[in-house]
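Notes to accompany the following structure.
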Amino acid sequence: MQRSIRHKLIIQALQTGGRLRVEQLVELTGSSAVTIRRDLAHLEAHGALRRVPGGAARTVKHGESIPFSLQLAEDRDLKARLATAAAALIADYESVIIDNGTTCHAVAQELAGRPITALCLSLHAAVVLGSTPGARVIVPGGPVEPDTLAFLGSQAVDAVRNMRADALVLGTCSASATRGLTSTLYEDAQIKQASIQSSTRRILVTVADKLNRSSNFRFGTPADLTHLVITDDAPAELLDIFRDDGVEVILV
């Protein structure tokens, strides 16, 4: 089991149970006790849980998201490979909307120094691009979500609608081939939907396990995409649904 998936299972289990022993987490994940203890130490260092004798206890309240710093540390090499493939689809001097999230943050890192115009939907991405000469960086304004520093609100939606972007680098909570592209937050779904409508090329960058998920608020369908950059462990039958809708699939 991938470390990122294992970490999410541990946090979700603690949100439900409050406190769990190492043995219970071993049974849940199928991993060894040594691996679980290493995971608990890593998660505690990022504030996602509190270690107690024999196990761990919840610190992230039910309904709260995993801290951005923890998500950023997960699967760095994999996100970097996805980012390299996505950035290759963007030409110099193009205008780009960069969505929020750690995978899109990795794409922003890959694009840093390139002569592009970027509307960043997160302050994290804006700082990455703005810290290196080359890109012209724009932020939409309005309120930002704590921790993720993602812009959420009508000002962000209006800014996106007023832009005509050559490309959109899109992230998502889930990308079901049958249920559509969905987000856990209504405000986030509204911004993503507006971003799709304002972009000529729409590049979804994601990992394979998100093809089997579905969240609360739908903002699009596979047919709304032009490109899907995804890990090569994605089920072929699901990728074929995207290809049938005219999406170019790029396996990493």
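List of remarks:
- Note on the stretch 221-237: among residues that are touching a strand residue (DSSP E or B) at 6+ places or on another chain (Cβ under 6 Å) and among the β-branched types (Val, Ile, Thr), the one that is farthest from GLN193 (Cα to Cα) is ILE230.
- A single member of ARG81, ARG37, ARG51 is at pLDDT 85 or above, closer than 24 Å to LEU204 by Cβ and either open to solvent by 40 Å² or more (accessible area, probe 1.4 Å) or touching a Gly at 6+ places or on another chain (Cβ under 8 Å) (or both), and it is ARG81.
- Helices (runs of 4 or more DSSP H) lying entirely in the stretch 11-125 (those with 1 or more residues that are within 17 Å of the chain's Cα centre (by Cα) and among the small types (Gly, Ala, Ser)): 68-73, 76-87, 102-111
- Residue list for the stretch 186-220, restricted to those being part of a loop (DSSP other than H, G, I, E, B), surrounded by fewer than 18 Cβ atoms within 10 Å (Cβ to Cβ) and either more than 15 Å from the chain's Cα centre (by Cα) or hydrophobic (A, V, I, L, M, F, W, C) (or both): ASN216
- One residue alone among SER122, SER69, SER95 is hydroxyl-bearing (Ser, Thr, Tyr) and surrounded by fewer than 18 Cβ atoms within 10 Å (Cβ to Cβ), and that residue is SER69.
- Selection of the stretch 126-145 for residues being part of a helix (DSSP H, G or I) and either hydrophobic (A, V, I, L, M, F, W, C) or under 20 Å from the mean Cα position of the chain (by Cα) (or both) yields ALA126, VAL127, VAL128, LEU129.
- Sub-7 Å Cβ pairs linking a first residue in the stretch 235-252 that is more than 16 Å from GLY180 (Cα to Cα) to a second residue that is open to solvent by less than 40 Å² (accessible area, probe 1.4 Å) and polar (S, T, N, Q), at least 6 apart or interchain, are GLU248/THR226; VAL252/THR231, ordered by first then second residue.
- Qualifying residue in the stretch 134-154 (condition: of a type in the set (Ser, Thr, Tyr), open to solvent by 10 Å² or more (accessible area, probe 1.4 Å) and touching a residue at least 40 places away in the same chain (Cβ under 8 Å)): yes
- Flag if THR117 is surrounded by fewer than 23 Cβ atoms within 10 Å (Cβ to Cβ), under 28 Å from PRO143 (Cα atoms) and touching a Lys or Arg at 6+ places or on another chain (Cβ under 8 Å): yes
- Filtered residues of the stretch 173-185 (kept if in a strand (DSSP E or B) and on the phi < 0 side of the Ramachandran plot): SER174, ALA175, SER176, LEU181, THR182, SER183
- Restricting the stretch 168-185 to residues that are open to solvent by less than 40 Å² (accessible area, probe 1.4 Å) and of a type in the set (Ser, Thr, Tyr), the residue that is nearest to the chain's Cα centre (by Cα): THR172
The values are calculated or read from the model by the stated rules, or taken from the named source; none is laboratory data. This is a predicted model, so every value here is computed, not measured. Positions of Cβ are generated from backbone atoms using ideal geometry, with glycine treated the same way; all protein chains shown enter the neighbour counts. Side chains included, ligands, DNA and RNA excluded: accessible areas come from the protein's heavy atoms. Shrake-Rupley method; radii C 1.70, N 1.55, O 1.52, S 1.80 Å.
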